Amino acid sequence: MILMKAKITHTYGNNLVHVYDSAANLKMAATELIAQQAVEMVARQSRFSIALSGGSTPVGVYQGLISDKWLKRFPWEQTQFVFGDERYVPADDAMSNYKMAMDAFLQAAPVSDANIYPVPTHCEHPDDCAEIYERTLREALHTKDNSEIPVIDLVLLGMGDDGHTASLFPDTEILTESASAVAAVYVDKLDSWRISLTFPTINNASQVVVLVAGENKAAVLREVFTTQTKKYPIQSLDNPNGVVWLVDQSAASQLD
Ligand code: 6PG
C-alpha cells in the first residue's frame, strides 16, 4: 500500500504511527488508505467491510471517498458499511454517527441501502439493540476459527482526549466485555447511552486504523505509546495484525 508520504513514521510495538504535517494531509492519507484497501480486498475476496468511526475527524476522510478521484473507482456495491459505535439517538438526530456518515458521503455515493448497516437505536432498552446489531453483524459478515466474533476487514477509529475510542470510555464495564461482539454502555460523563463494538471485535479485525488530530490529544498520545500501564481504553487495542495510526503533527508534537 502506497500511503501518502508521512512526515515521519514512528513504531511503538505493534503500532505504526504515520505523522502528517496537517490535519488535511492526514485526512487525504486516510481516504487513500481506505479506498486502496477496499479495492485490494474486493479484488482478493470480492467484498470489503468497514466499520465507520464517529466524531469530527473522519468527516473529511469520508468526503474524500466521493471525490472525483474515488467516486467511480471505489467498490461501492461490494462494500459493507457498518458502524464502530453509535449514540443512542434517532437516526435523524444531529448526534447520530449514521446521520453524519450519510450526510458526509453515503447519501451521495452509488451504494444501496442493503450495504449500509446502521445500529438500531429504537429498542425498549439499549441492550436489546446491541444484541440485534451483534446478530446483524454475524449474519452480514463472516467469522473465523470457530469464533462467534464477526471479522471486519477494516475498523476505523478515533481517539478522544480522555483516551477513549469508539464508545469505549474510561471506567465503563464495556472495557472488560470479553464475550459479546457489540454492547450497550451508559457513559456517565455524557449522561447518555452508546452502543459500541467491543475490544474482542475490534481486535479481531483484519485491519485497525486510528485517526488522531489536534494538540489536545498530544499528551494522551504520548502516554498511550510510552506508559506500560494501561491507563487509557485505547491502549487495549491489541490486534495481531497491528494498528496503523494516522496522526497530524499537532497530535504527535510530544512523540519522539
Ligand atoms: C464517536 C466516536 C469517538 C470519536 C472520538 C474522537 O462516536 O464520537 O466514535 O470515539 O472517534 O471521540 O472524535 P474526534 O474525531 O471528533 O476528535
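The values are calculated or read from the model by the stated rules, or taken from the named source; none is laboratory data. Since the model is a prediction, treat every value here as computed from it, not as a measurement. Cβ coordinates were reconstructed from backbone atoms using ideal geometry, including for glycine residues, and neighbour counts include every protein chain displayed. Just the protein is used for accessible areas: all its heavy atoms, side chains included, with ligands, DNA and RNA removed. Shrake-Rupley method; radii C 1.70, N 1.55, O 1.52, S 1.80 Å.
A few notes on this one:
- The packing ranking of peptides 138-145, 247-254, highest mean first, is 247-254, 138-145, where packing means the average number of other beta carbon atoms within 10 angstrom of each residue.
- Note on exposure: Tyr20, Tyr232, Tyr98 ranked by accessible area (1.4 Å probe, complete protein assembly) read Tyr98, Tyr232, Tyr20, with the most exposed listed first.
- Antiparallel bridges, percent of DSSP beta bridges restricted to the chain (to nearest 5): 40
- By the Stokes-Einstein formula, at 1.567 mPa s and 4 °C, segment 81-123 with its Kirkwood radius over alpha-carbon pairs has D equal to 122 µm²/s.
- Listed residues Thr136, His125, Leu106: farthest to the positive end of the dipole of segment 102-170 (Cβ charges): Leu106
- Protein accessible area in the chain, 1.4 Å probe - carbon and sulfur %: 49
- Positive-end ranking of Ala38, Phe199, Thr79 along the dipole of the chain, with charges on Cβ about the Cα centre, is headed by Ala38.
- Semi-axis lengths (Å, descending) of the ellipsoid that matches the C-alpha gyration tensor of segment 32-172: 23, 19, 15
- For segment 154-198: relative contact order, % (alpha-carbon pairs under 8 angstrom, 6 or more apart): 30
- Annotation: aspartates and glutamates with alpha-carbon distance below 18 angstrom to Lys217 (same-chain offsets under eight excluded): Asp21, Asp161, Asp162, Asp248, Asp256.
- Too-long pairs where the Cα-Cα distance tops 32 Å, listed order kept, from Lys7/Lys231; Lys72/Lys189; Lys72/Lys230; Lys27/Lys189; Lys69/Lys144: Lys72/Lys189; Lys72/Lys230; Lys69/Lys144
- Were the residues from Glu40 through Asp128 laid out at 0.36 nm apart, the gain over their Cα-Cα distance would be 28.1 nm.
- With a Förster radius of 35 Å applied to the C-beta separation of Lys7 and Ser178, the computed FRET efficiency comes to 0.40.
- Kirkwood Rh, Cα atoms: Rg over Rh of segment 45-127: 0.98
- Charged-residue dipole, Cβ positions (Lys, Arg, Asp, Glu), the chain about Cα centre, Debye nearest 20: 1000
- Highest-first packing order for the peptide set 172-185, 153-166, 122-135 is 153-166, 172-185, 122-135, based on the mean count of other beta carbon atoms within 10 Å.
- At most 12 other Cβ within 10 Å, DSSP loop - trypsin sites (Lys or Arg not before Pro), segment 1-61: Lys5
- Rounded to two decimals, the Cα-based Rg/Rh of the chain, with Kirkwood Rh, is 0.93.
- Model label points for Arg138 and Ser192, set 7 angstrom from Cα along the Cα-to-Cβ axis, are 2.9 nm apart.
- Note on segment 113-253: percent of Cα-Cα distances in each 10 Å bin, starting at 0 and stopping at the bin with the largest distance, equals 12, 40, 35, 13, 1.
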